[in-house]
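> Pasting a structure below so you can have a look.
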Amino acid sequence: MKAKTSVFYCTECGNETSKWAGRCPVCGAWNSIVEQAAPKTANAPKGRGAPRAKARPINDLGAAEEELRVPTGMGELDRVLGGGAVKGSLVLVGGAPGIGKSTLMLQICGKLCETNKVLYVSGEESPHQLKMRAKRLNVESDKLYTLSETCLGDVLESVREEQPDVLIVDSIQTLYNEDLDSPAGSVGQVKDCTMALMQLAKGQGITVFVIGHVNKEGSIAGPKVLEHMVDCVLYFEGDRNMAYRILRAAKNRFGATNEIGVFEMRGVGLVEVPNPSELLLSGRPEDAPGTCVTCAMEGARPVLAEIQALLAPAAQNVPRRTSNGFDYNRAAMLLAVLEKRGALKVSACDAFLNVIGGLTLDEPAADLAAILALASSYLDKPIGKSVAAIGEVGLTGEVRGVSHLAQRLAEVRRLGFERCFVPKRHAERLEVVKGLTLIPVSNIADALREIARS
Ligand SMILES: Nc1ncnc2c1ncn2[C@@H]1O[C@H](COP(=O)(O)OP(=O)(O)O)[C@@H](O)[C@H]1O
Ligand SMILES: [Mg+2]
């Protein structure tokens, strides 16, 4: 009889069962039961070969335990990681197919190899394909080792053999533990393989980058616990048809999560974009109604973004509302404010709001620009090519102050804007930005009057 090699447990309540079921018999959750390798017997090697750690006073921890960063050589990636990857950490990189995850990982190998030994494990590409890609990306080094393998045991064996400083796994969904019956990519497999890689990172101080596929909701395919387990979760986003890509941190144990990295996809690979505002505003229509530029803070960096709106008479009884890159509920609120405090009959219109360039604006500072774009579309009156707007809009239609206003205005001016809507109360305290005329507004009625006048 085949020895029992796996157990099943519920990801919701943790109850263990001997066989899989669609519904947990204890907590009643559906689809929560996953397979996991059974605990090894007493004579099997413990903890995948890692020696048992001993508790020590924190003051005794010496220089070896201090934070050591491994710079990846890609300024934008290092910025998102908080100044390079921390030695012995596990970074999960997620993104849609074709967005450039493998490209990014292979590209950083070039720089990493200057000081580290790197092992690139690919479960998706053959050695020949890896070589072809490395050649195109101009990545060459004696210290870069590749392995086309999907079996977890064999990957761990190779790591023991090669002792790399950095391990890259492309992708976690192709890796499988043969002790489990479930197929590669299933919840149990993904969790188990990540756990093994995590032990490798923490136990042996290897910096591990893991590529993960995303599901149709856009989060990394696999159990939610995956994101809790790892040190850092990065998402690589962008429109596949457009050249630029945005890397953002959803979780970072060793840095801020609000930084973004911007890249452009070219034939030679991903090229860093140190000035994203210029890229995001390129191709902007001149003097068209329904567009307004705002300045968002992405971490410590101000980034200009264009908000476009289209209001058209509703095609059906219930008007349609769509928003891309802007919170849906916030957009609905702004429409209601526009109707009630701006006296525009937007409730009879289909409304579409879109942030250009795949950027997501989750800051209230973008409210005023969104309102102006909507009003401009409704009134069919352009706001003007060299006009930007910064400010939060409240339910009574008041325009409120935002943080980092001076820094945002400097960026607005740097990109050639001549006028900028700002909250009135803050305008008085602001230093004059040469070449930039401020339009102070205390509520949206002021702002609408200003558009009508221009
Ligand atoms: N020969 C090439 N020349 C230019 N761009 C390429 C070439 N091959 C691939 N690409 C770009 O790389 C992208 C695929 O990147 P890849 O790193 O394989 O994505 P992922 O690993 O996220 O699925 C393609 O969408 C394409 O834009
Ligand atoms: Mg890939």
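> If you stretched the chain out fully between E418 and K381, how much longer would it get, using 0.36 nm times the residue separation minus the C-alpha to C-alpha distance?
11.5 nm
> Same structure, new question: In the P(r) worked out for the stretch 283-453, what percent of Cα pairs fall beyond 26 Å?
Percent of Cα pairs beyond 26 Å in the stretch 283-453: 20.
> On to the next question. Could you compute the FRET efficiency for E272 and L395, with r as their C-beta to C-beta distance and R0 at 56 Å, rounded to 0.05?
Computed FRET efficiency for E272 and L395 comes out at 0.85.
> Also, quick follow-up: With the crude spin-label approximation of a point 7 Å out along Cα→Cβ, what separation in nm comes out for A312 versus A452?
So the label points at A312 and A452 sit 2.7 nm apart.
> Cα centroids of the stretch 226-278 and the stretch 87-143: how far apart, whole angstrom?
With the stretch 226-278 and the stretch 87-143 each reduced to a Cα centre, they are spaced 16 Å.
> Please report the equivalent ellipsoid semi-axes of the chain, computed as sqrt(5 x eigenvalue) of the Cα gyration tensor, largest first, in whole Å. Don't skip to the answer; put the middle values down first.
Numbers: eigenvalues 460, 139, 82 Å².
Largest first, the chain gives 48, 26, 20 Å.
> Moving to a separate point now. What angle do you read, to the nearest 10 degrees and between 0 and 90, between the alpha-carbon axis of helix 187-204 and the longest principal axis of the chain?
Around 80 degrees separate the two axes.
> Here is a follow-up. Per 0.36 nm of contour for each residue apart, how much would the distance between R425 and D60 grow if the chain were fully extended, relative to their Cα-Cα spacing?
Separation in residues times 0.36 nm, less the Cα-Cα distance, equals 126.1 nm.
> About the Cα centre of the chain, how large is the charge dipole given +1 on each Lys and Arg Cβ and -1 on each Asp and Glu Cβ? Please answer in debye to the nearest 20.
540 debye
> With the Cα gyration tensor of the stretch 70-274 in hand, convert its eigenvalues to equivalent ellipsoid semi-axes via √(5λ) and list them largest first in whole Å.
Numbers: eigenvalues 104, 77, 59 Å².
After diagonalising the Cα gyration tensor, the semi-axes are 23, 20, 17 Å.
> Expressed as a fraction of 2.2 N^0.38 Å, the rule-of-thumb size for a compact globular protein of N residues, what is the C-alpha radius of gyration of the stretch 180-222?
1.29
> Separate question: Angle, helix 444-453 long axis vs. longest principal axis of the chain, Cα atoms, 0 to 90°, nearest 10?
Result, in degrees: 60.
> Within a 10 angstrom radius of the beta carbon, how do K117, K224 rank from fewest other beta carbons to most?
K224, K117
> At a threshold of 8 angstrom on Cα-Cα distance, excluding pairs fewer than six apart, so keeping six or more, what relative contact order does the stretch 283-453 reach in percent?
26 percent
> Give me the extension gain from C151 to A29: residue separation times 0.36 nm, minus the current Cα-Cα distance, reported in nm with one decimal.
Extra length available between C151 and A29 comes to 40.8 nm.
> Still on this structure, please answer the following. Can you give the calculated 222 nm mean residue ellipticity of the chain, where each DSSP H run of n ≥ 4 adds -39,500 (n - 2.57) and the sum is split over every residue, rounded to the nearest 500 deg cm²/dmol?
For the chain, the value works out to -8000 deg cm²/dmol.
> Please determine, in degrees from 0 to 90 and to the nearest 10, the orientation of helix 127-136 with respect to the longest principal axis defined by the Cα atoms of the chain, where the helix direction is its Cα long axis.
40 degrees
> In whole angstrom, how far apart do the alpha carbon centroids of the stretch 390-453 and the stretch 327-352 sit?
21 Å
> Related question: Can you tell me, using C-alpha contacts under 8 Å and at least 6 residues apart, the relative contact order of the chain as a whole percent?
That works out to 12 percent.
Quick note: the coordinates plus some simple rules give every number you see, no bench work behind them. Please read these numbers as outputs of a predicted model, since none were measured by experiment. Positions of Cβ are backbone-derived with ideal geometry, glycine not excepted, and every protein chain shown enters the neighbour counts.
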